[in-house]
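Peer 1: My questions all concern the structure below.
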Amino acid sequence: MLRGAAQSSSTGWPSMDESTRHEQQSPSAWVCRFAPLIHPGGRVLDLACGRGRHARYLAGLGFQVEAVDRDAEAVRSLAGVARVTARAADLEHARWPYRDQFFAAIVVTNYLHRPLFPHLIAGLADGGVLIYETFAAGNERYGRPSNPDFLLRSGELLDVVRGRLRVVAYEELYSAEPRPAIVQRICAVRDAAAV
């Protein structure tokens, strides 16, 4: 369990106190590592952005960022951030809000809703980069999430992109930072070699 966290009854995810939120403000090292692959000045979707740690980071690199999350309060925290358009939307029960839109990159961290996978693949422009990092099976030993619905199966991200995107990097491992967890990460690109 996260330091200072208590379980939220509505989501099964920990709710965080202010000290834990502060720890989460740094962008993921995985996102930072692969951000240079994004076409300069491109439009980026930060899916399930929370308070926008990746939206802020990517906007700071000069990208136009569309940041979306179901938490309207979290999305409001992005008001006034240059190059960020923030939107509160229910990604799990409402219509996909980005139909017929294409992005130079789509970034997803600490979020899993499998029915969105086809939308993510379809939403990448030519040369578009998918940077995805979330919890995987085995994480139940370290805390939440522990429900299999919120944990990637072994190799699942590879299966999602197989035949559709070219894999640049993939990891499935134990990570001690920012807290002990089993994670799966992928960086994959839509290009001619992927088809």
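Peer 1: Is there a residue being buried (at least 19 other Cβ atoms within 10 Å of the Cβ) and within 28 Å of Gly42 (Cα to Cα) anywhere in segment 134-153?
Peer 2: Checked segment 134-153: at least one residue is buried (at least 19 other Cβ atoms within 10 Å of the Cβ) and within 28 Å of Gly42 (Cα to Cα).
Peer 1: Just give me the residues in segment 42-73 being closer than 17 Å to Pro97 by Cβ and in a helix (DSSP H, G or I), in sequence order.
Peer 2: Ala55, Ala72
Peer 1: Mind listing just one residue for me: the one in segment 134-150 that is free of Cβ contacts under 8 Å to residues at least 60 places away in the same chain and of a type in the set (D, E, K, R) and, of those, nearest to His113 (Cα to Cα)?
Peer 2: Asp149
Peer 1: Give the residue that is nearest to Phe103 (Cα to Cα), with candidates limited to residues of segment 23-41 that are in a helix (DSSP H, G or I) and more than 15 Å from the chain's Cα centre (by Cα).
Peer 2: Taking segment 23-41 as the starting set, the residues that turn out to be in a helix (DSSP H, G or I) are 23, 29-37.
Among the residues that remain, those that are also more than 15 Å from the chain's Cα centre (by Cα) are: 23, 36-37.
On the way: Glu23: 28, Pro36: 15, Leu37: 13 Å.
If we take residues in segment 23-41 being in a helix (DSSP H, G or I) and more than 15 Å from the chain's Cα centre (by Cα), then Leu37 is nearest to Phe103 (Cα to Cα).
Peer 1: Within the bounds of segment 119-141, is there any residue that is of a type in the set (Lys, Arg) and either modelled with pLDDT of 95 or more or on the phi > 0 side of the Ramachandran plot (or both)? Explain how you work it out, then say what you get.
Peer 2: Step one: list which residues in segment 119-141 are of a type in the set (Lys, Arg), which gives 141.
Next cut, either modelled with pLDDT of 95 or more or on the phi > 0 side of the Ramachandran plot (or both) only: none.
No, the conditions are met nowhere in segment 119-141.
Peer 1: Let me ask something else. Considering (1) under 25 Å from Pro36 (Cβ atoms); (2) within 17 Å of the chain's Cα centre (by Cα); (3) surrounded by 15 or more Cβ atoms within 10 Å (Cβ to Cβ), say which one Arg164 fails and leave the rest.
Peer 2: With respect to (1) under 25 Å from Pro36 (Cβ atoms); (2) within 17 Å of the chain's Cα centre (by Cα); (3) surrounded by 15 or more Cβ atoms within 10 Å (Cβ to Cβ), Arg164 is out only on (2).
Peer 1: Quick one: in segment 96-133, of everything that is touching a residue at least 12 places away in the same chain (Cβ under 8 Å) and in a helix (DSSP H, G or I), which residue is surrounded by the most Cβ atoms within 10 Å (Cβ to Cβ)?
Peer 2: Filtering first and then ranking leaves Leu120.
The values are calculated or read from the model by the stated rules, or taken from the named source; none is laboratory data. Keep in mind that what you see is a predicted model, and the values were worked out from it rather than measured. Ideal geometry is used to build each Cβ from the backbone, glycine not excepted, and the neighbour counts take in all protein chains shown.
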